[in-house]
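Below is one structure, written out as structure tokens; the observations come after it.
Values quoted throughout were computed directly from the atomic coordinates according to the rules given, and no laboratory measurement underlies them. In this text the structure is predicted, and so the values were computed from the model without any measurement. Methodologically, a virtual Cβ is constructed for each residue, glycine included, from the backbone with ideal geometry; neighbour enumeration extends over all protein chains shown.
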Amino acid sequence: MTENYLPNTKWLKEFRKNLLDWYAKNSRQLAWRGTRDPYQIWVSEIMLQQTTAAAVDGYFRRFIERFPNVQVLANDDVTEVLRYWEGLGYYRRATLLHRAAQVIVSEHNGLFPNTLDTVLALPGIGRYTAGAILSIAQDQRLPILEANTIRLHARLLAYPDDPAKSEGNKLLWQMAEIVLPEKKSQTTDRQIGLFNQALMDLGSLVCLPKEPKCRECPVVKLCQTAQAGLQHAIPKLNKQKNFEERIEAALVVEKNGKYLMVRYPEGVRWSGLWDFPRSVVAFDQPLDGNPNFLKRIKDICGYRLDILEQIASIRHVVTRFNITLYVHYARLNGSLSSAEYETCWVTKKELSKLPLNTTGRKIAKLL
């Protein structure tokens, strides 16, 4: 039974004290720390999904300056939201953030909900994000479990199996809840919110994936993994992804000083973003004169194109693909009546205002 891993009352009391004492001296200074505004906490937590705090800091500051509250965010166009998200990746987060802001304005009078069920009902918010927002903003006694705290709790309990599987996930959520300080009265000391942030900081700064800093850990004597010397075996990691090599080509088409751009529709990679027309290229087929590639490009943008000289090649990773992107100039050779993607023609100056994916922006800079 996984419940046998859970600690006793004495352990919990010592753990809580040691962690909060450590956090008082070692907390990270982040742009979203120190606020109880649920809107700002929400934005930061969405940005932090699958992204490091260091990478998020500048984006968060610019985003809040441009969209200072939920009403401004909801009332602006999603294209503008994506432009300020550009470079953070996982762009679906931005579209769901915008959609949730519209729900908050239309269904909650512009006030961020304050109950777990209503927050969970918002687009793009799961159990961890809801718990983080409500615990940090309102000191509600709600657990959190994300990458850093999964690793931390698995090591504290010396849980030997895969924490991502159902049994392990259930155990770590139980652990995340019982370690929280008992809330005996309604206070404003923010103990629950601070405690959850302390857990994340301990995981991020000390309980590192490969080289944990056990000598600096305030709870090392309570950590079963450290006591057993199993830091490099726990948590048990999933098998590494096998990345698939892939070739794509993007075409730069210019007419009268303007460039052809396409917008990714809902349900595909980079939904809502603009890009130069691109498609996958088969390994065993040349790009120039490739009927499959040219037909796909024609379907996407509605134009027949002739491929000209190559101007760049870009290596990048998307989900499980290692992609080599070849960038070529191309010229118009006729048009059709319809296209699968929305299209537009823009000047170089106008390119800077469109939300592009990372490689699209690199191509734009080449021009």
> Calculated FRET efficiency, Asn4 and Lys221, Cβ-Cβ r, R0 22 Å, to nearest 0.05?
Replying inline: 0.60
>> Using a Gaussian network model on the chain with a 10 Å cutoff between Cα atoms, which of Phe283, Phe15, Phe112 fluctuates the most?
In response: Phe283
> Going toward the positive end of the dipole of the chain, with +1 on Lys and Arg Cβ and -1 on Asp and Glu Cβ, which of Ala249, Gly203, Ser166 do you reach last?
Replying inline: Gly203
> Taking other Cβ within 10 Å of each residue's Cβ, how do Trp173, Trp11 sort, fewest first?
Replying inline: Trp11, Trp173
>> Classify segment 244-366 from the C-alpha gyration tensor, please: rounded if a/c falls under 1.5, else prolate or oblate depending on whether a/b exceeds b/c.
In response: rounded
> For the modelled label position 7 Å from the Cα of Arg269 along Cα-to-Cβ, which residues of segment 339-367 have backbone nitrogen atoms closer than 19 Å?
Replying inline: 340-342, 355-364
>> For the chain, place one equal point scatterer on every Cα, skip the solvent, and apply the Debye formula. What is log10 of I(q)/I(0) at q = 0.11, 0.13 Å⁻¹?
In response: -0.87, -1.06
>> Is there a quick way to get the dipole size of segment 2-228? I mean about its Cα centre, with the Cβ of Lys and Arg at +1 and of Asp and Glu at -1; what is the value in debye to the nearest 20?
In response: 620 debye
>> Using the Cα centre of segment 132-240 as origin and beta-carbon charges of +1 (Lys, Arg) and -1 (Asp, Glu), tell me which of Asn148, Leu237, Val179 is placed farthest towards the positive end of the dipole.
In response: Leu237
> Across segment 243-251, in residue order, what do the Karplus-derived ³J(HN,Hα) couplings come to in whole Hz, using 6.51 cos²θ - 1.76 cosθ + 1.60 with θ = phi - 60° and x for Gly and Pro?
Replying inline: 7, 9, 6, 8, 10, 10, 9, 10, 10
> Projected onto the charge dipole of segment 244-366 (+1 at Lys/Arg Cβ, -1 at Asp/Glu Cβ, origin at the Cα centre), which of Leu336, Trp274, Leu305 gives the Cα projection farthest towards the positive end?
Replying inline: Trp274
>> Suppose each label sits 7 Å from its Cα in the direction of the beta carbon; what would the Thr35-Leu366 distance come out to in nanometres?
In response: 3.8 nm
> Between Lys258 and Lys353, what is the spin-label point distance in nm, taking each point 7 Å from the Cα along the Cα→C-beta axis?
Replying inline: 1.3 nm
> What residues from segment 203-234 fall in the zone where the backbone N is under 18 Å from a label point 7 Å along the Cα-to-C-beta line of Glu14?
Replying inline: 214-229
> Counting Lys and Arg as +1 and Asp and Glu as -1, each charge on the Cβ, what is the dipole of segment 245-367 about the Cα centre in debye, to the nearest 20?
Replying inline: 400 debye
> Under a point spin-label approximation (7 Å from Cα along Cα-to-Cβ), what is the Thr115-Ser337 distance to one decimal in nm?
Replying inline: 5.4 nm
> Applying 1/(1 + (r/R0)^6) with R0 = 41 Å to the Cβ-Cβ distance of Lys236 and Ser106, what FRET efficiency is obtained, to the nearest 0.05?
Replying inline: 0.40
>> Can you compute 3J(HN,Hα) from phi for each residue in segment 221-237, using the Karplus curve 6.51 cos²θ - 1.76 cosθ + 1.60 with θ = phi - 60°, rounded to whole Hz and x for Gly and Pro?
In response: 6, 9, 8, 5, 5, 5, 5, 8, x, 10, 4, 8, 10, 10, x, 5, 8
> Using a simple charge model, +1 on the beta-carbon of Lys and Arg, -1 on the beta-carbon of Asp and Glu, nothing else, what dipole does segment 206-308 show about its Cα centre, in debye to the nearest 20?
Replying inline: 420 debye
